[in-house]
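Data block below; observations after.
The values are calculated or read from the model by the stated rules, or taken from the named source; none is laboratory data. A quick note: this is a predicted structure, and the numbers were derived from the prediction, not measured. Note that each Cβ is placed from the backbone with ideal geometry, even for glycine, and that neighbours are counted across all protein chains shown. Quick note on the areas: whole protein, heavy atoms, side chains included, nothing else; ligands and nucleic acids left out. Shrake-Rupley method; radii C 1.70, N 1.55, O 1.52, S 1.80 Å.
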Amino acid sequence: MKEILLKKKPSLAIQPLHALLTAAACLLLVCASYAQTTVTGKVSAGEDASPLPGVNILVKGSTFGTITDSEGKFSISVPSSDGVLLFSFVGYLTQEVPLAGRTTVDVVLVSDARQLNEVVVTALGIEKDKAKIGYAIQEVKGQDLIKAREPNAINSLVGKVAGLNIGVSSEVLGAPSISLRGRSPLFVVDGVPLVSDTWNISPDDIESYTVLKGPSASALYGSRGIDGAIIITTKRGSNDKRGFNVDFNSSTMWENSFLTIPKVQDEYGPGDHGRYAFADGKGGGLYDSDYDIWGPRFDGQLIPQYDGEYTPDVTYTTTFPSGTTFTGNIKPTPWTARGKDNLNRFLESGLLSTNNIAISASGDKYDLRFSYTHSYQKGQVPNTKLNSDNFNVSTGFDFSDRLRFESNINYNRQYTPNFPDVQYGPNSMIYNITIWGGADWDIDDMKDYWQEGKEGVQQIYADYTRYNNPYFLTYEWLRSHNKTDIYGNMALKFKVTDYLDLMARTAVTSYDILRTEKFPYSATVYGREQAKGDYREDHRSLFENNTDVLATFNKNVTTDLHLTASVGGNLRSYNYQSSYITTDYLNVPASSLTPGAYTFDNSLNPIKAYNYKAPMSVLSGYWFVDASFKEWLNLSATGRWDKNSTLPAQNNVGFYPSVSLSAVLTEALKLPDFISFLKVRTSYAQVNKGFTYSQIGPTPNAAYPLGY
């Protein structure tokens, strides 16, 4: 009998449960396929293990991305723990990191020598990636310029920046001529314009110079930035791993004579048409008041000269080859070129000695740096020198991870009892010795410069009409210079979010200058031929305050687009005043023998006084936007409005826009290996030269023939 096995069909009650279980299983599989894994980590630089903020992180093959925070940390959700992360940052090699199931990844990026990895300081103290900038800019590190110090810190930039020409003056207080593409640039220290000279900055305190070439680079400074700007960033804190530094630098340089001595003829002496005879140096002789250098040839013949013996009871007759004769009471002496080397024997070795000590410290929440520099410069002209003391203090303190305070103050004092005048005119030693002075007189004869019996009243020289004894000028015609210069700033920086920063800063620039001039009896110069002396005082003071507020947005808008935008305002208050007072000849002779006679009460005629005041205020608003697409295409635009109190009310607002575009082609295209970096850029700006007061006011010489 054949056995038949019958299978029982499931009941209808069980079928719905089976269907439900099947559907749940399918749903779990679908959900599992879309599960997210959170990966965290930190990105640091390979050269010094410092954290790297702003690193772009992208999940390979997707649009998921993020950037690192200020401490280099990141957190990103990935579809799979077996995926790959791409890490990219300007100046570093892009790195692919397989997760391989990890949820914590620490990455060290290696510098890319093919890229410009510099971050430079631009207008308003804003740091930018150099590769992204669309206008002409050049940076010089301060440490490269202090091996051999200059009396003026700016002198060290000679030959370092394309388009920047600096005519260095080796004279004491000789200001360098500075030209950036043919114009005079604005100086900015730690983001704040400097309304002063550049003698008040110590080279040892400078971290870097950034030269912004043209208005496209400096339009954020408005009309003040029309000619470009030189941005000076000072040092802060300690860069030593131990958090404490003591640096001492000393340099000494000597200067021997000039690079080029003017070549003058020493074959003929003073006079005209081969004739000359000294009587009184005031026209009583033969051409002895018209000191042209075309007199008799130096052949040792006997001619009355400035140092000849005066014999009131004896007369001497001198006959010249032309037949002209002269009779006088000066005993003739041999006519020789005894002074053809006068200038070299008059000049001394110059000296420049600079000493700096700096103490700096840094911690988790603070940085501090104190610096003192003393500079001593001895001129090549006798009795000329300049001392300069410079104190610089910078501090920074982090109240929290989001709130930081920074400050910097610089105090400088320059002082000298006498600095030389080597320009054109009878007040210049070079003028008296080389340009118009002949070789008939000996510079050594001029060291005892007072006439016997007329000390303090009459100098000795070979001419008493137009020129002056060089040693008399050096020790009697004295020009003092005393200047106190202070600038400083305080800033409070608040990080509202990871992508929004606020900054408030106020800065002060102030200086006070007093120059005096002691013009002794018997000194002569154009317009003061009576030679009765003078005393003058030139006083100048300035105070300027700049207060800024700035809000900055910095974020990756998409994985390909990074946006930085700022909006801010500035209030500039400026006040300059000067006074210039001079005697109109002296009633009682004054000299180093009677210094108390140099007073305004001793004026022979009523004194002359001039004063000048220049108040000004400027209210400004400004903005800038930087957009970067895939790290290679960069667009930057800026705008600034200035409302200037010195302009007519109906036309006192100016708008100064700029725009620049740059493309880093080595990032966008596959180029041959021999092309390490290739960028194209273009820029445009519109800046007008608004009316501003001069920082020094009217030149005293314009109101009075003598001055400096």
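Odds and ends about this structure:
- Under a model in which nothing but the beta-carbon of Lys, Arg (+1) and Asp, Glu (-1) is charged, segment 514-600 shows a dipole of about 100 debye around its Cα centre.
- The convex hull of the Cα atoms of segment 504-632, projected and averaged over all directions, covers 13.5 nm².
- Separation of the residue 594 and residue 482 label points, Cα + 7 Å toward Cβ, nm: 2.4 nm
- For the chain, the 222 nm mean residue ellipticity estimated from helices alone, with every DSSP H stretch of n ≥ 4 adding -39500 (n - 2.57) and the total spread over all residues, rounds to -1500 deg cm²/dmol.
- Nearest-20 debye value, the chain charge dipole, Cβ charges on Lys, Arg, Asp, Glu: 3640 debye
- Segment 64-102 and segment 605-650 have Cα centres lying 43 Å from one another.
- 18 Å Cα-Cα reach of residue 73 towards lysines, excluding residues that sit fewer than 8 places from it in its own chain: 42, 495, 555
- For segment 162-265, fraction of C-alpha pairs farther apart than 25 Å, in %: 39 percent
- Ligands, DNA and RNA excluded, the heavy atoms of residue 96 present near 110 Å² of accessible surface to a 1.4 Å solvent probe.
- In this rough spin-label picture, where each label sits 7 Å from Cα along the Cβ direction, the residue 619-residue 348 distance is 5.7 nm.
- For residue 248 and residue 160, a Förster radius of 22 Å and the Cβ-Cβ distance give a FRET efficiency of 0.30, rounded to the nearest 0.05.
- Whole-percent carbon and sulfur share, accessible surface of the chain, 1.4 Å: 57 percent
- Gain on full extension, evaluated as 0.36 nm per residue between residue 184 and residue 504 minus their Cα-Cα distance, stands at 112.3 nm.
- Along the axis of the charge dipole computed for the chain (Cβ charges of +1 for Lys and Arg, -1 for Asp and Glu, origin at the Cα centre), the listed residues 514, 686, 53 are led at the positive end by 53.
- Two-site FRET efficiency, residue 651 against residue 314, from Cβ-Cβ distance with R₀ of 60 Å, rounded to 0.05: 0.15
- 13 Å beta-carbon shell around residue 273, net charge (K/R +1, D/E -1): -1
- Gain on full stretching of the segment that runs from residue 516 to residue 555 - 0.36 nm per residue minus C-alpha separation: 8.3 nm
- Highest to lowest packing among 336-348, 305-317, scored as the average C-beta count within 10 Å: 336-348, 305-317
- Simple spin-label estimate for residue 610 and residue 494 gives 5.0 nm between the two label positions (7 Å along the Cα-to-Cβ direction from each Cα).
- Were the residues from residue 365 through residue 93 laid out at 0.36 nm apart, the gain over their Cα-Cα distance would be 94.8 nm.
- A value for volume of the Cα convex hull per residue in Å³ was derived from the coordinates, and within the list (1) 223; (2) 200; (3) 233 it appears as (3).
- Förster-model FRET efficiency, 41 Å R0, residue 302 and residue 451, C-beta, rounded to 0.05: 0.95
- The chain - share of DSSP beta bridges that are antiparallel (%, nearest 5): 95 percent
- Distance between segment 178-255 and segment 463-520 - C-alpha centres, whole angstrom: 16 Å
- Here residue 263 is the anchor, and the lysines within straight C-alpha reach of less than 16 Å, apart from those fewer than 8 places off in the same chain, are 340.
- Rounded to 10°, Cα long-axis angle of helix 15-33 versus longest principal axis of the chain: 20 degrees
- For segment 250-393, the spread of Cα coordinates along the three principal axes comes to 93, 31, 20 Å, biggest extent given first.
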